[in-house]
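Novice: Sharing a structure with you now.
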Amino acid sequence: MTGAPKPPALRPGLVPGVLSILAMLLVWTLASQLTDRPQTLPAPWDVAARIMRLAATGELWFNAGMTMFRVIASFALAMAAGMALGLWMGRSRGADQWLNPGLIILLNVPALVVIVLCYIWIGLNETAAVLAVALNKIPVVTVMIREGTRALRPDLDDMARAFRMRPWARLRHVVLPQLAPHVAASARAGISLIWKIVLVVEFLGRSNGVGFKIHLLFSSFDVTGVLAWALAFVAVMLAIDLILLRPWERRANRWRQDAA
Amino acid sequence: MRLELEAKSFGPRQVLGRLALAVARGERLAILGPSGIGKSTLLRILAGLDADYRGRLEGAERLAVVFQEPVLLPWRDAVGNIAIPTGCDAATARDWLAQVGLAGHEAKFPRQLSLGQQRRLALARAFAAGPDILLMDEPFASLDGDTAARMLALTDALLTRSGAGLVLVTHDPAEAAALGARPLHLGGDPARLQKD
């Protein structure tokens, strides 16, 4: 509220964050040296060397790219469907009463069941894979957007109606800005949930992608390979969070800041 | 526009009784009465925001509403707050900002404006909609004396210049007098318009 803006510290929490990662690496190194069983727990530098090799051969980029494509496709589908359903259920009590039981059932069906059923009903193809992941995520987005919709400000609604704002303008300028924190939260929670499920989908029924690679390495008990793939992809997802999601969130929240 | 109201109830409680009200371009009305009597309810019916009543509302005039609170879009700047709801272009919005004395504040967000400035922005938005009749719900409440007086003078000037009609809801007869609005008293239970 009042005057002085916070000093422009470069990145609050940067130092503890880096130190915490270094501490985890140290524990990993100690554990791998003490157990001395590289098949079960390889040293960090072995995993790093494997990541380098995968990156050099191009194998990493192709498979991570396929996984990323599935993540983006199912994420877009889940956000679009979840937002539409959430808005509808938050606005209309009738829709909420009719759709809520289905929503609760879908929330509680195990991800694995949805995946298996999609593969059996649709076939072992890309559509089934993307749909299975999206179906796991849609109910979560729906619930979060529905709660946000219920908290929409009635006075702004009145204003929009009094000025006869068109539905599209109302959605874009009145409703969506109010939902932005809920959309950001569900996107953040969604992206991490989705890439974990994408790996399961690939593990079960695709012939490329990080999940497929882990499937192969699992059959040969290659722990170094499993860790290399997993860590490489975690790094990619973290980069997306830092480079795309956070700046977008900051921009969407610009109006909350008080300038002098 | 004219309203012929038979009854308006919230649940089992009837708030407004039979009453008739007509206002045209250039005409100014003030609806006076103690708080809680149903003045705001009557204004919401006139504005078309409440359709759950018995009676008839006629008229194709363009309306604009100034609410009790400024009711601005916090995530849009001053120009956006005029241009987006009314559909006017940015140049017109700037012009209206200048007319209410907010020149230089075009890029500010509502939170960066004082309450008095926010109310003037809401007034500019209402006039930018080009209304035939302006509906105002206690727009001068919670302003200090000086600011309220300036707001009143500004509203009077803009009404005269644009030729718009006015329905003002207020508890303060002095505001009605300052705007030269014909006072109508709302009283009784259920409330009706009382002659005086």
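Novice: Given R₀ = 56 Å, FRET efficiency for A:Ala80-B:His171 by Cβ-Cβ distance, to 0.05?
Specialist: E between A:Ala80 and B:His171, to the nearest 0.05, is 0.70.
Novice: Summing -39500 (n - 2.57) over the DSSP H runs of n ≥ 4 in chain B and dividing by its residue number, what mean residue ellipticity at 222 nm do you reach, to the nearest 500 deg cm²/dmol?
Specialist: Working: 6 runs with 66 residues, N = 196.
For chain B, the value works out to -10000 deg cm²/dmol.
Novice: Let me ask something else. Rank by packing, highest mean first: peptides B:134-140, B:16-22, with packing defined as the count of other Cβ atoms within 10 Å averaged across residues. Present the calculation step by step, with values, prior to reporting the outcome.
Specialist: Values: B:134-140: 23.7, B:16-22: 16.9.
Ranking the peptides B:134-140, B:16-22 by packing returns B:134-140, B:16-22.
Novice: Could you give the alpha-carbon Rg of region B:34-186 over 2.2 N^0.38 Å, rounded to two decimals? Could the numbers behind the result be given before it?
Specialist: Numbers: Rg = 15.2 Å, N = 153, 2.2 N^0.38 = 14.9 Å.
Relative to the 2.2 N^0.38 Å estimate, region B:34-186 comes out at 1.02.
Novice: Within 10 Å of each Cβ in A:153-159, how many Cβ atoms from other chains are there, averaged over the peptide?
Specialist: 5
Novice: I would also like to ask the following. Taking amide hydrogens as modeled 1.01 Å from N in the peptide plane, which residues meet the under 5 Å criterion relative to B:Leu16, leaving out close sequence neighbours?
Specialist: Sorted by chain and number, the residues that satisfy this are B:Lys8, B:Ala191.
Novice: Still on this structure, please answer the following. Once you wrap a convex hull around the alpha carbon atoms of the protein assembly as shown, what is its projected area averaged over all directions, in nm²? Intermediate values should be presented prior to the final figure.
Specialist: On the way: hull surface 117.1 nm².
Over every viewing direction, the Cα hull of the protein assembly as shown projects on average to 29.3 nm².
Novice: Treating only the Cβ atoms of Lys and Arg (+1) and Asp and Glu (-1) as charged, compute the dipole magnitude of region A:1-139 about its Cα centre; round to the nearest 20 debye.
Specialist: 340 debye
Novice: Please get the size of the charge dipole for region A:158-249, origin at its Cα centre, with Cβ charges of +1 on Lys and Arg and -1 on Asp and Glu, quoted in debye to the nearest 20.
Specialist: About 580 debye.
Novice: So if the hydrodynamic radius of region B:1-42 is defined as the Kirkwood radius over C-alpha pairs, what does Stokes-Einstein give as its diffusion coefficient at 20 °C and 1.002 mPa s, in µm² per second?
Specialist: D, rounded to a whole number, is 184 µm²/s.
Novice: Looking only at A:His173, A:His182, A:His215, which one moves most when chain A is put into a Gaussian network model with springs between Cα atoms under 10 Å?
Specialist: A:His173
Novice: Per DSSP helix of 4 or more residues, -39500 (n - 2.57); summed, then divided by the residues of chain A. What does that give at 222 nm, rounded to the nearest 500? Show your work: numbers first, answer last.
Specialist: Working: 11 runs with 196 residues, N = 260.
-25500 deg cm²/dmol, from helical runs alone.
Novice: While we're here: From the phi angles alone, apply the Karplus equation (6.51, -1.76, 1.60; θ = phi - 60°) to region B:79-91 and give each ³J(HN,Hα) in whole Hz, x where the residue is Gly or Pro.
Specialist: 4, x, 5, 8, 5, 5, x, 8, x, 7, 7, 5, 5
Novice: To check my understanding: the extent here is largest minus smallest coordinate of the Cα atoms along each principal axis. What are those three numbers for region A:111-184, in Å, largest first?
Specialist: Sorted from largest, the Cα extents of region A:111-184 read 52, 21, 17 Å.
Novice: Counting partner chain Cβ atoms within 10 Å of every residue's Cβ in B:101-112, what's the average? Can you show the working numbers first?
Specialist: Details: counts 0, 0, 0, 0, 0, 0, 1, 1, 6, 1, 6, 5.
Mean partner-chain Cβ count within 10 Å for B:101-112: 2.
Novice: Taking every residue in B:63-69, how many Cβ atoms of other protein chains lie within 10 Å of its Cβ, on average?
Specialist: Working: counts 3, 3, 5, 1, 4, 1, 2.
Per residue, the average neighbour count from other chains is 3.
Novice: Relative contact order, percent, of region A:83-171 when contacts are C-alpha pairs under 8 Å separated by at least 6 residues?
Specialist: Over region A:83-171, the number comes to 42 percent.
Novice: Run the numbers for A:Thr40 and A:Ala185: contour at 0.36 nm per residue of separation, minus the present Cα-Cα distance, in nm. Present the calculation step by step, with values, prior to reporting the outcome.
Specialist: Numbers: separation 145, 0.36 × 145 = 52.20 nm, distance 3.68 nm.
Going from the current span to full extension adds 48.5 nm.
Novice: If you take the charge dipole of chain A about its Cα centre, with +1 on Lys and Arg Cβ and -1 on Asp and Glu Cβ, which of A:Phe203, A:Ala111, A:Pro177 is farthest toward its positive end?
Specialist: A:Pro177
Novice: Pick from A:Ala111, A:Ala230, A:Ala162: which residue has the top mean-square fluctuation in a GNM of chain A where Cα pairs under 10 Å get a spring?
Specialist: A:Ala162
Novice: Right, another one. Which whole-angstrom value gives the distance between the alpha carbon centres of region B:1-76 and region A:129-179?
Specialist: Region B:1-76 and region A:129-179 have Cα centres spaced 28 Å from each other.
Novice: Cα centroid distance between region B:120-171 and region A:185-228, in Å?
Specialist: After rounding, the separation between the Cα centres reads 62 Å.
Novice: How long are the semi-axes of the equivalent ellipsoid of chain A, defined as square roots of 5 times the Cα gyration tensor eigenvalues? Whole Å, largest first.
Specialist: So the equivalent ellipsoid measures 39, 28, 15 Å along its semi-axes.
Novice: Which far-off residues, 5 or more places away or on another chain, put their amide H under 5 Å from the one on B:His185, with H placed in the peptide plane?
Specialist: The answer is B:Leu32, B:Gln194.
Novice: Here's something else I'd like to know. Once phi is turned into ³J(HN,Hα) by the Karplus curve 6.51 cos²θ - 1.76 cosθ + 1.60 with θ = phi - 60°, what whole-Hz value does each residue of region B:134-139 show in order, with x for glycine and proline?
Specialist: Karplus-based 3J(HN,Hα) across region B:134-139 equals 9, 9, 10, 10, 6, x Hz.
Novice: Continuing with the same structure: Hey, got a sec? Which chymotrypsin sites (Phe, Trp or Tyr not before Pro) in region A:206-260 land in a DSSP loop and have at most 14 other Cβ atoms within 10 Å?
Specialist: When the chymotrypsin sites (Phe, Trp or Tyr not before Pro) of region A:206-260 are filtered for loop state and at most 14 Cβ neighbours within 10 Å, A:Phe221 remain.
Novice: For region A:1-149, what D do you get in µm² per second when you plug the Kirkwood radius from alpha-carbon pairs into Stokes-Einstein at 10 °C and 1.306 mPa s?
Specialist: This corresponds to a translational diffusion coefficient of 79 µm²/s.
Novice: Another one. How large is Rg/Rh for region B:74-126, to two decimals, with Cα atoms and a Kirkwood Rh?
Specialist: On the way: Rg = 9.3 Å, Rh = 10.4 Å.
Reported Rg/Rh (Cα atoms, Kirkwood Rh): 0.90.
Novice: Also: In debye to the nearest 20, how big a dipole does region B:74-126 give about its Cα centre with +1 on each Lys and Arg Cβ and -1 on each Asp and Glu Cβ?
Specialist: Working: 7 positive and 4 negative charges, 47 e Å.
Around 220 debye, computed over region B:74-126.
Novice: Any chance you could list P(r) for region A:100-252, counting all Cα-Cα pairs in 10 angstrom bins from zero, rounded to whole %?
Specialist: Percent of Cα pairs in each bin: 10, 28, 30, 21, 9, 3, 1.
Here, each number is a calculation from the coordinates, and none is a lab measurement. All values reported here derive from a predicted model rather than from experimental measurement. No Cβ is skipped: glycine too gets one built from the backbone with ideal geometry, and neighbour counts run over all protein chains shown.
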